[in-house]
Every structure is written in structure tokens, then in C-alpha cells.
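The values are calculated or read from the model by the stated rules, or taken from the named source; none is laboratory data. Because the structure is a prediction, the values reported are computed rather than measured. Cβ placement follows ideal geometry from the backbone for every residue including glycine, while neighbour counts extend to all protein chains displayed. The area values use the complete protein model at the heavy-atom level, side chains included, leaving out ligands, DNA and RNA. Shrake-Rupley method; radii C 1.70, N 1.55, O 1.52, S 1.80 Å.
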Amino acid sequence: TEMRVEVQRSSDEFKHVECIFKADPASGVDRFYFPGRGTSNFKITKIERVQNAALKDTVDDKRGRVVKMLEKAGIRYEAGVHSRWLFHGAKDADALENIIENPVSGFAPQMGLGADGVNLWGYGTYFARDASYSIRAHYCDDCLDEKEDCMILLCLVECGLSCVGEEHMRIMPKVHPALKQLRYTSYVDFASNPEIFVTMGEQAYPAYIIHFEE
């Protein structure tokens with residue numbers, strides 16, 4: 001079966017993805033990175049839906065484990081809190097293709113290496129709340145389609161419980177010493193208004209490829 005299927009421009013699905021891509025933060029929430037520079041001036045030229053059953057099964061399995069872990073701690077799983085739509089800028093078209101094709105490695109943690117190989121908020125794969133971060137920080141510059149339009153991934157990420165990460169962190173810490181089985185499952189840049197999320201690869205499903213131009 002075809003792994004990349006174009007979404008019809010007239011469909012509700014297209015409008016929903018476009019809305020996420022162009023969304024500004026909620027009222028009263030400021031962007032720390034690139035304030036005042038959103039994505040409203042970008043034109044979406046194409047949206048593709050990714051259909052990779054094996055990779056989706058892996059993420060669904062991870063979601064099940066996150067739900068059980070939270071339930072044991074008396075926490076109810078909430079979409080939008082413990083799972084989020086986040087953006088990822090692939091290094092180039094080949095890296096993007098590898099992400100959507102390879103259900104075993106999917107997102108390789110080394111893809112999240114920052115400048116000079118430094119992971120500012122811990123080891124893992126990096127995702128952004130806002131498309132504008134991935135674009136303005138130049139993560140999409142070399143990820144081009146056949147028409148030279150940029151491409152960015154919109155991913156459904158199982159974040160679970162998040163803690164503020166630091167560059168030396170490679171293993172998710174325990175939530176509390178008394179709760180030995182309960183570990184954080186993602187790092188963030190700020191606790192109160194996170195814009196960057198760091199996870200392991202099996203927690204993310206690359207659901208859509210958004211092609212755009214300025």
C-alpha cells in the first residue's frame with residue numbers, strides 16, 4: 001500500500017492540519033522563541049497523510065503503556081496533555097523518508113542533536129509545539145520536495161509525564177523515589193509553558209507531511 005497519500009485540499013482533514021500549522025499560542029501565552037513570527041504568511045502547497053501501520057502499532061503500544069503507568073499513579077490520561085500534536089523538522093528529504101518508512105528506528109535520537117552535537121534539554125528526538133520554531137530555527141531549510149518547497153512533519157507524540165530536561169540527561173528520572181515504577185517519559189524546555197518536547201522515537205507517529213512555501 002502507498003505510504004504517502006495526498007490529502008484533498010477541499011477536505012476537513014486538510015483544513016484541520018492547516019489550522020494546527022498556522023495556529024498561534026493560546027490567548028495570554030507568549031512565544032519565547034521567535035516572538036511575533038508565526039506561520040500565517042506561509043502557503044501550504046500540499047499535505048500528505050502517512051500510512052505506516054507497523055509504526056502506528058508501535059506508538060499505539062507505547063500509548064497503552066503510558067495510560068497504564070498513569071492509572072497506577074492515579075492520573076487520568078488526557079489527550080492534549082499526555083499526547084500532543086507537535087512538529088519535527090527533518091534534516092533533508094532522505095531523513096524524512098527514513099522516519100516514515102522505518103518502523104523500528106523511526107525517529108533516531110541523534111536527529112535531535114542541536115548545534116555542535118549538544119542536546120540542550122536531554123537526549124532524544126526533539127519536537128516543537130509551534131511550526132514556526134522548526135521553520136525559523138532552520139530545521140526545515142534543506143528538507144525539500146521535488147518542487148523545492150519545504151517539508152515539515154506534524155506528529156502525534158505520546159509525551160506522558162514531562163520534566164524539564166538538561167543537556168547531560170540521557171535516562172528519564174523517576175517522578176518520586178517512593179514510586180519506583182513511575183518515570184517521566186519526556187523532557188521539556190520550560191515547565192509552565194513548554195515549547196520543546198524531547199522523547200524517544202517509539203513515542204511519536206509522523207502523521208502528516210506538510211509542504212509549504214513563504
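Using a probe of 1.4 angstrom and keeping all protein chains present, the accessible surface of segment 145-214 works out to 46 square angstrom per residue. Extension gain for residue 22-residue 183 works out to 54.6 nm (0.36 nm per residue, less the C-alpha to C-alpha distance).
Of the solvent-accessible surface of the chain, computed with a 1.4 Å probe and all protein chains present, 52% belongs to carbon and sulfur.
When the Gaussian network model of the chain links Cα atoms closer than 10 Å, the mean-square fluctuations of 76, 183, 129 top out at 76.
Quotient of the Cα radius of gyration of the chain and 2.2 N^0.38 Å, N being its number of residues: 1.00.
Too long at a 28 Å Cα-Cα cut-off: which of 15/68; 68/174; 22/91; 22/72? Too far apart for the 28 Å limit: 15/68; 22/72. Charged side chains reduced to their Cβ positions (Lys and Arg at +1, Asp and Glu at -1) give the chain a dipole of some 1100 debye around its Cα centre.
Sparsely packed loop sites in segment 116-192 (the GluC sites (Glu not before Pro) outside DSSP H, G, I, E and B with at most 10 other Cβ atoms within 10 Å) comprise 146, 148.
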